[in-house]
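The values are calculated or read from the model by the stated rules, or taken from the named source; none is laboratory data. Remember, it's a predicted structure, so these values are computed and weren't measured experimentally. Cβ placement follows ideal geometry from the backbone for every residue including glycine, while neighbour counts extend to all protein chains displayed. Protein only, heavy atoms only, side chains kept; ligands, DNA and RNA dropped before computing areas. Shrake-Rupley method; radii C 1.70, N 1.55, O 1.52, S 1.80 Å.
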Amino acid sequence: LKIAELIQTLDRLNIHASYRILTEHAAIPSSSIVGDGGDGEERQRRRCLCILHIHHDSSFAKYNAHLRREGSGGMMLFRGFSIELVCADDETDGKIDNPPDKSLDWNNSPMTTDGCEELNNNVNVDEEKLMLKMKFLPYMVRTFICRNGLSVLQTSGAAAFEHHAIGLLSRWQISDASTKKWMPFFGGWAKYCTTVATKSNALLPPLTAQTYLHHYNEFETRFANGEFQPSPPSLGPNSKFCGLVVVVGISKYELEDLARALSKELQCSKVVDDVNKITDKDLLMSMQRSRGGIVCMAEIEDGIGNLRKLAKEKQEAISVIMVEGNLETLSTSDRRLRKIKGMMQSWRKTKCNMLLDLPKDATMQLDLDATFAYLRMDATAMAVVAKLKEESNGHTPDERPGLIVYFPSIPGSGKSSLCKSITANTLGMSNDRSLILKEGDQVQGKFYNVVAKEILNKPASVAILDKNVPPSSFSAVHTLCIESKSIAMPVLSNGMQDTLVGVHVYPFSLPYLAVCMSRVLKRKPKSHNGKLDSGTKNACMVVVKFYCFYRNMTTDVLKEKLMNIGCQATKQLITPFFKENSLPSLPVDLESSLQEAINLQTSDDMNVCKTSDEMMNDVEKKLRVSILENQNYIDNLTTSLEESKAFFVSETSKAIASLPDQLDTTNQLTIPRSIKIASLDFDYGAVHGVIKDLKMKCPDLEKYFAHREEHKMNDENDKSQNRFITSVHCTFAHASQVSQASMLASFKHLLDTVLEVKATSIIFSDEIAAVELDIPHEASIPRPKNKFAHITIWCAKEIEAYQSNQLPEKVDMNAAKIIMFEQPVVMRGTFSFWYD
């Protein structure tokens, strides 16, 4: 490996890197030295180690751009790594067959280790003898999966986190074989984060994206020592424990190893340290054998209120283990002692499936391994574990996948009419599955939480969600399917077609929008559960708002997104809506009113201009008048409700009958990658070099960026702060605008090719700033989908990068400034795909 060339390249590109050189004195047994007489004496060997740390994210883009320009096969650049420097005089110590491998933690600063002394950075080393001696997790994995995946793990659980990890590995083109080798590590990280890292620890800070390295280092050491490893393969369908085990004692600290050992022995999914945070949903999911149960640590003083609440619904799923404790050893007041004794009796009287006891010895073992051995050797402990397994094995949960039927639609599309009066009998369902029919407007509380609880309570059920599900709720449906192991079936209407209004595309036609409005207006005042009827103020504009939720989404893109929802791909139900595939032209006045309404709602959604109540009311009046005047035209467009409902019932019945007995997980790791954008990527330094030259000539621009200098250290993905965009690029196409097939056909041949463009101006406002580009007209290069070709360079708090598309309009409204270059500046970018 040509490390010397890498270091020279870093210097030549002025990449900010730190070098720290250390020496390590390691004891070497004489038996490890070739030719040694084996006198049994240890010798000392000196190793020189250079720790290299790259400071800025922009350095990686600069370095990779250099490699592409040079066409050389240089080594990859990582955030930090260690190099062993082997000097000629070191070889006199003897040749080592297996030199000891001591790993150094390069994440802490300053770098110090036992037996190491710092050397001068100017040590002369023979460049030809530099060699890489390194064992570490690549920076991208550590940062983008382990750190950035924390939010996924904490909000959606381990399964969603592993899905996140697989998606990134796929995006980075990691092979399936390598992905499978990585997954136990990520599974172990998920276990650590949901068990150990959730507890208070005097030596470690609370786990956050900012403090994760402290925990990551702790986890890496323990993982290497055999902890947090994947559970052994199941020996049978009843090998995993189902339900909740609460281990109760005087101190959670004493219970930790016991809880973890029980979890390992019972093959549970996680260990929880707060009984009051367990929800009914957690309890229901713990009863799925494929997931495994939950072990929870509880101090006597935690109280039993939440456990009693859970036991009202699922007493049979809860077991309590009381661990003996010596109360006399507590240094506390008599009053508190009496309180603890009283609460202990309350714990013993708690309604549960089983109340078991373990002696104090169970918490006094040396470590986790010793505690695990204790559970398998001590007679009392073995009896407790046996009872838990026996009781769990008597529980046979229904592991078949269910079906969730949902409607990606808008108000007035007819979903409630399709769902009305549907029963298990009309769908031809047998008694082994339950039908759950939920109308969104009738559910009290958070809809998806309520539905999740009912579906988990009735495994393998068929759930029909009578609710409009816009794109922002797709993830909620997907999570619901993953948690309940259900297959998703979206219901769409025939006659969908890409519709361009202004510069934005929608997957539903204007006649479809007109029909939906007409149906809403035909509802009598105060007749609709969702309070959307003819008596609702701006009822038509409410329908338009839902229509605009699908802005910049083509029909193909929508259908593609729906295919990726749920545990397993299924067909999309296309119900009859229009009589004919080819529709008569819209009356001019109706088309004009609909377009005006969509444009007004778009301006309001994208903050292009302020929309007043008066403007909304005027458009609402126009819509109502136009729909009334064209009522005959609208009524003649659609099929009868009876025909649509008969088709819906028939096809749903077929989908239920064809549900498999188990999900197909054979291809779980080969998740297809979804392209998010096709982009032209630029070097961060080059873009800001152009800005620097212009700042020198423009005081307003100099002042603008001077006030934002401190934002350069903020994460570009953290919308809660002002930030510079370090991944500078020009978007040519977004997944919301074109299908995956079109994206591949239009841009795949351009990947890694370089295109020269011209920077013509900088446009900036208080909220966002961008460099305007002039893209050359070439036959082989598609035009950017956005009319305003640009590079976003800075965003204010809560502002998305895509909002820079509005800058030209804001210039016209004097809400933004534009500064033209005296001469356009040539810049070079490289085409790439960005993946979800």
Report summary line: Once Ser475 and Glu399 are pulled to full extension, the length gained, defined as 0.36 nm per residue separation minus their Cα-Cα distance, is 25.1 nm
Report summary line: The lysines whose Cα lies under 17 Å from the Cα of Lys387, excluding any fewer than 8 residues away in the same chain, are Lys240, Lys264
Report task. Would you calculate the separation in nanometres between label points at Glu454 and Ala209, each defined as 7 Å from the Cα along the Cα-to-beta-carbon direction? Result -> 3.6 nm
Query - Full-stretch length increase - Glu324, Gln595 - with 0.36 nm per residue and alpha-carbon distance subtracted - result: 90.2 nm
Query raised in the report: With every protein chain left in place, what is the accessible area per residue of region 476-572 in square angstrom, probe 1.4 Å?
Result: 38 Å²
Query - Entries in Lys349/Lys389; Lys748/Lys810; Lys309/Lys458 that, when Cα-Cα distance is taken, lie over 26 Å - result: Lys748/Lys810
Query raised in the report: Given H placed 1.01 Å from N in the peptide plane, which residues other than close sequence neighbours of Val501 have an amide H under 5 Å from its amide H?
Result: Tyr506
Query - Carbon + sulfur, % of accessible area of region 315-396 - ligands and nucleic acids excluded, 1.4 Å - result: 50 percent
Report summary line: Any lysines whose Cα falls less than 18 Å from that of Lys62, other than same-chain ones fewer than 8 residues away, would be Lys692, Lys712
Requested in this report: Can you work out the PRE-style zone for Cys698? Point 7 Å along Cα to Cβ, and I want the residues of region 757-786 with backbone N under 20 Å.
Outcome: 757-775
Report task. Would you grab the residues whose amide H sits under 5 Å from the one on Val272? Only those 5+ places off in sequence or on another chain, please, with H modelled 1.01 Å from N. Result -> Val295, Cys296, Met297
Query raised in the report: Using θ = phi - 60° and the Karplus curve 6.51 cos²θ - 1.76 cosθ + 1.60, what whole-Hz ³J(HN,Hα) does each residue of region 506-523 get, with Gly and Pro shown as x?
Result: 9, x, 10, 7, 5, x, 4, 4, 5, 4, 4, 4, 4, 5, 5, 6, 7, 6
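Given 4 °C and 1.567 mPa s, compute D for region 403-544 with the Stokes-Einstein relation, Rh being the Kirkwood radius over Cα pairs; round to the nearest whole µm²/s.
78 µm²/s
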Query raised in the report: Summing +1 for each Lys or Arg and -1 for each Asp or Glu, what net charge is found among the other residues whose Cβ lies under 10 Å from the Cβ of Glu439?
Result: +2
Query raised in the report: Along region 457-474, what does the Karplus equation 6.51 cos²θ - 1.76 cosθ + 1.60 (θ = phi - 60°) give for ³J(HN,Hα), rounded to whole Hz, x for Gly and Pro?
Result: 6, 10, x, 6, 7, 10, 10, 10, 9, 7, 7, 5, 10, x, x, 5, 9, 4
Query raised in the report: If eta is 1.567 mPa s and T is 4 °C, what Stokes-Einstein diffusion coefficient results for region 546-608, Kirkwood Rh from Cα pairs, in µm²/s?
Result: 87 µm²/s
Query raised in the report: For region 745-810, which whole-number percentage of the solvent-accessible area (1.4 Å probe, protein heavy atoms only) is attributable to carbon and sulfur atoms?
Result: 47 percent
Query raised in the report: Residues of region 696-836: accessible area per residue at 1.4 Å, in Å²?
Result: 53 Å²
Report summary line: Under the Karplus relation with 6.51, -1.76 and 1.60 and θ = phi - 60°, whole-Hz ³J(HN,Hα) for region 402-414, x at Gly and Pro, equal x, 10, 10, 9, 9, 10, x, 8, 10, x, x, 6, x
Report summary line: With DSSP loop assignment and no more than 15 other C-beta atoms within 10 Å, the trypsin sites (Lys or Arg not before Pro) in region 731-793 are Lys787
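State which entries of Lys467/Lys787; Lys610/Lys697; Lys415/Lys787; Lys453/Lys531 exceed 28 angstrom in Cα-Cα distance in the structure shown.
Beyond 28 Å: Lys467/Lys787; Lys610/Lys697; Lys415/Lys787.
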